[in-house]
Amino acid sequence: MTDWLPVENLYLERGSTPNIRPSRPWNQSDVFTGVPLSLIARFRQDTTTADPAVTQRVMVMLLSHPCVLRAGAAGRPSDQQVVAHVQPVAEAQGPRPFEAPWDSHFSLFPLPDFLDGSDYVVNFRRIGTTHRQYLDERRIGVLSHPGWAAMQRRLAYHSLRVDLPLASRRLETAGSWEELQVWEEWNARGHPADDYQAWLNEPLSADRRYAGQIRRNVIEYAPDEVRADLP
């Protein structure tokens, strides 16, 4: 398996300054900076007198699946979010180099040329939970749709040693991706973010091609029709 990354651009946007694309809702595979993550470096029998966890402010990738990332009718992010440590590749690879075509070190997901021309990786062995408020306005990276699908494929292979074809992941996440795309535009137009999910559950306007059908049911195969229905 040598096609771990898509031929298209892996990133939708990235930058060293936090809070990129502020109108875009969070998604699995977004990268944040300055997030506290606790790592237990060694075992200590007496945890009442010596805390074995070391908390650091690091870069992380959001691992929570879109179905559990949000809760409630408004689709607000849940308080607890699952994240993985993002590190320079040299820091995580060990004695064997990890480089293109990335067909090794399956606990790592490559982020080539992520910041300042340097390669980074998502380390699936360094996973923790954090409160959503530690992620607020700290996003520095958003993967493209092909990039998100590639990350899901790598995570599944690391966790289960099951190879989910990249094309299948893109197909199965198409509806969720288009929902995010329209949601970002909804927010950018100044509409309340909490109202988007309710609007998506309403039927398309009478002048639209699929008039009367619920927007949520249409968005996967006709996102332009839903986008054209935006107020």
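No value in this document is a laboratory result; all are computed from the given coordinates. As the structure is a prediction and not an experimental result, all values here were calculated from the model. Don't worry about glycine lacking a Cβ; one is built from the backbone with ideal geometry, like all the others, and counts go over all protein chains shown.
When the trypsin sites (Lys or Arg not before Pro) in region 147-231 are filtered for DSSP coil states and for at most 16 other beta-carbon atoms within 10 Å of their beta-carbon, the remaining sites are ARG161, ARG189, ARG209. Projected label points at ARG216 and VAL54, each 7 Å from Cα along the beta carbon direction, are separated by 4.5 nanometres. The simple Förster model, with R0 at 41 Å and r as the Cβ-Cβ distance, assigns SER38 and THR17 a FRET efficiency of 0.95. Considering only LEU63, LEU171, LEU108, the Gaussian network model of the chain with Cα springs below 10 Å gives its largest mean-square fluctuation to LEU171. Using only side-chain charges placed at the Cβ, +1 for Lys and Arg and -1 for Asp and Glu, the dipole size of region 166-231 relative to its Cα centre rounds to 160 debye. Structure remark: mean-square fluctuation, Gaussian network model of the chain, C-alpha springs under 10 Å; the largest value among GLN133, GLN45, GLN213 belongs to GLN45. Among the listed options (1) 1, 6, 13, 16, 18, 15, 12, 8, 5, 3, 1, 1, 0, 0; (2) 1, 6, 14, 18, 22, 19, 13, 6, 1, 0; (3) 1, 8, 16, 21, 23, 18, 10, 3, 1, 0, the one matching P(r) over Cα pairs in 5 Å bins from 0, in percent as calculated from these coordinates is (1). For the chain, modelled as a GNM whose springs connect Cα atoms under 10 angstrom apart, the maximal fluctuation among ILE127, ILE214, ILE40 occurs at ILE40. Around the Cα centre of the chain, unit charges on the Cβ atoms of Lys, Arg, Asp and Glu (plus for the first two, minus for the last two) sum to a dipole of about 560 debye. Helix 145-160 and the longest principal axis of the Cα set of the chain meet at an angle near 50°. Any idea what angle helix 174-188 forms with the longest principal axis of the chain, computed on alpha-carbon atoms, 0 to 90 degrees, nearest 10? Taking Cα atoms only, the helix is inclined about 80 degrees.
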